[in-house]
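Down below is the structure, laid out as structure tokens.
What follows draws every value from the coordinates through simple rules; no lab data is involved. Because the structure is predicted, anything quoted here is derived from the model rather than measured. When we count neighbours, we look across all protein chains shown, and the Cβ atoms used for this are built from the backbone with ideal geometry, even at glycine.
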Amino acid sequence: MPHRVLVIEDDGFLRENLIRLLEQYQYEAVGVGNAAAAIRALAETEYHLIVLDLGLPDADGFDVCRRIRQKWRTPILMLTARTDSMDKVIGLELGADDYLTKPFEPKELLARVRALLRRAYEYQSEPSQETTRCFGEIVIDYARRQVLVRGQPISLTRREYDLLAYLTQNANRVIPREQLFEQVWGYSIEFSSNTLDVYMYRLRKKIERDPDQPQHLITHRSYGYEFRIA
Ligand code: CA
């Protein structure tokens, strides 16, 4: 059965182009032009992926993202015309799984769609690792995908967790940016050069005592990242 994608985009021309592109690659695509229609569509039919334009006529895209997340776990790919990276941080905090800045190449969109669907629906059947590991004040239960920081459970998005899990499973090793990105996102970093930095910024805020003086999540400038255990 093909994966079903809901395209939420008020620009009719772009919406039709997105639908045509997705259908060309064997996805089933349905388009809506505003937030109210999007919520109705989601309530009526099961979708596997949501492509959400941040600029909608009847609601703020961030608000739509939040409303979707209150009810559904469907992966969300956010489209934004804004280049402000804080927008991306906010969107990702609200539960979007990835973002793409307009204008974008069709192959960029398809790479992200494929990667999000693979993450969400194909990896689930993999056997989980039955281990809990302790990294000083950070404890990770890989079987349950839970993280404790200084005794408190913290809330991570799927991608934040995947990133932290990969880094900790390779603790005290410097991982090149390209490798880290491909392992966690499933596509090449050339399409998305600052996504990784945005995620590292968010992870530091969640696990470091002082995000400006990180003890664990170490940057190796222009090379990669390391999860360091003292
Ligand atoms: Ca728009």
For the chain, the Cα convex hull volume per residue in Å³ comes to 127
Rounded to the nearest 10, the angle in degrees between the Cα long axis of helix 158-169 and the longest principal axis of the Cα atoms of the chain comes to 30
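Based on the Cβ-Cβ distance of Asn17 and Ala230, what FRET efficiency does E = 1/(1 + (r/R0)^6) give at R0 = 35 Å, to the nearest 0.05?
Numbers: r = 52 Å, r/R0 = 1.47.
According to the calculation, E is roughly 0.10.
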Most packed first (mean Cβ within 10 Å per residue), the peptides 102-113, 154-165 order as 154-165, 102-113
